[in-house]
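**Student:** Dropping a structure here in C-alpha cells format, bear with me for questions.
Here, each number is a calculation from the coordinates, and none is a lab measurement. The model shown is predicted, which means the values in this text are computed figures rather than measured ones. Backbone-built Cβ (ideal geometry, glycine too); neighbour counts: all protein chains shown.
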Ligand SMILES: C[S@@+](CC[C@H](N)C(=O)[O-])C[C@H]1O[C@@H](n2cnc3c(N)ncnc32)[C@H](O)[C@@H]1O
C-alpha cells in the first residue's frame with residue numbers, strides 16, 4: 001500500500017484546522033488524495049464526516065487499496081469514505097455533479113503544473129455549495145518572496161525534477177480565486193513552513 005511519511009507528520013495539525021472550520025456533518029471532496037492516509041485519519045477523527053477521495057486515474061489503484069482496506073472500519077460515528085473517484089483537475093468532465101461543503105487538497109499545487117492551479121480553483125468553485133470552503137494545504141510563497149529558506153530549496157528541488165512543478169504564490173492563487181467567486185478568508189500558519197489557505201465560495 002502507498003505510504004506517505006509527510007502525511008503522518010502533518011495530519012494532526014491539518015485535523016485541527018478542519019475541526020475549526022468544517023461545519024457539522026460536512027461533505028468534503030479531497031483532490032489528489034495520494035495514499036489515502038489523510039482521508040482515513042480524518043474520517044476516524046471527525047464524526048458525521050463524508051470524505052470523498054479522488055486521484056488522477058493513473059494513481060487511483062493505490063488509493064483504492066487503502067480505502068478498501070481501511071475506509072469502512074474504525075471510523076468516527078456516522079462518518080464515511082465512499083469509493084475514490086478519478087479526478088484530474090484540468091478535465092472538466094471529471095468534476096462530480098454533487099455539491100460539497102468543502103474541497104480540501106494537500107500538497108498538490110506545487111506538483112501540478114501552474115496552469116492547472118486555476119483549474120483546481122474553478123473546479124472547486126463549481127462543486128462548492130454557497131458558502132462552502134476551499135482549503136489548500138502546502139508550502140506557498142508570497143508575491144515572489146519565499147516564506148522560508150526551506151521552501152526556496154524545495155522549489156529549486158522540484159524545478160530540477162520537472163520544470164512544470166514549483167512552489168506557488170499564495171497572492172497569485174488568491175487573485176485567481178477572487179476572480180472565480182472564492183473569497184480568501186484565512187491563511188493559517190502550519191508547522192514546517194506550510195500554510196492552509198482557506199477560501200469561501202460567494203453566495
Ligand atoms: C505530493 S502528492 C500529495 C498527496 C496527498 N494529498 C498527500 O498530502 O500526501 C500530490 C498529488 O497530486 C496529484 N495530482 C497531480 N496533478 C493532479 C491533477 N492535475 N489533478 C488531480 N490531482 C493531481 C498527484 O497524483 C499526487 O497524488
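**Student:** Pairs of alpha-carbon atoms within less than 8 angstrom and 6+ residues apart define the contacts here; what relative contact order does the chain have, in percent?
**Tutor:** Reported as a whole number, the value is 18 percent.
**Student:** I've got another one for you. For a footprinting-style exposure proxy, rank 147, 53, 61, 108 by other Cβ within 10 Å, fewest first.
**Tutor:** If I rank by nearby Cβ atoms, fewest first, I get 61, 147, 108, 53.
**Student:** Once Rh for the chain is found with the Kirkwood sum over Cα pairs, what is the Stokes-Einstein diffusion coefficient at 20 °C and 1.002 mPa s, in µm²/s?
**Tutor:** After rounding, the answer is 127 µm²/s.
**Student:** What is the distance in Å between the Cα centres of the stretch 72-89 and the stretch 90-117?
**Tutor:** Here the answer is 17 Å between Cα centres.
**Student:** What number, in percent, do you get for the relative contact order of the stretch 75-129 if the mean sequence gap of Cα pairs under 8 Å and at least 6 apart is divided by its residue count?
**Tutor:** 44
**Student:** If you fit an axis through the alpha-carbon atoms of helix 60-70 and take the longest principal axis of the Cα set of the chain, what angle between them do you get, 0 to 90°, nearest 10?
**Tutor:** Approximately 40 degrees, to the nearest 10.
**Student:** Give me 28, 185, 127 ranked fewest to most by other Cβ atoms within 10 Å of their Cβ, as a rough exposure proxy.
**Tutor:** By the 10 Å Cβ count, ascending, the order reads 185, 127, 28.
**Student:** Another question, if that's okay. Hey, how many Å between the Cα centroid of the stretch 2-51 and the Cα centroid of the stretch 164-198?
**Tutor:** 19
**Student:** Next question, about the same structure. Please check: in the Gaussian network model of the chain (C-alpha springs, under 10 Å), which one of 125, 102, 86 has the largest mean-square fluctuation.
**Tutor:** 86
**Student:** Okay, next question. Within 10 Å of each residue's Cβ, count the other Cβ atoms and sort 21, 95, 51 from fewest upward.
**Tutor:** 21, 95, 51
**Student:** For the stretch 147-203, what's the relative contact order in percent, using C-alpha pairs closer than 8 Å and at least 6 residues apart?
**Tutor:** Relative contact order, the stretch 147-203: 26 percent.
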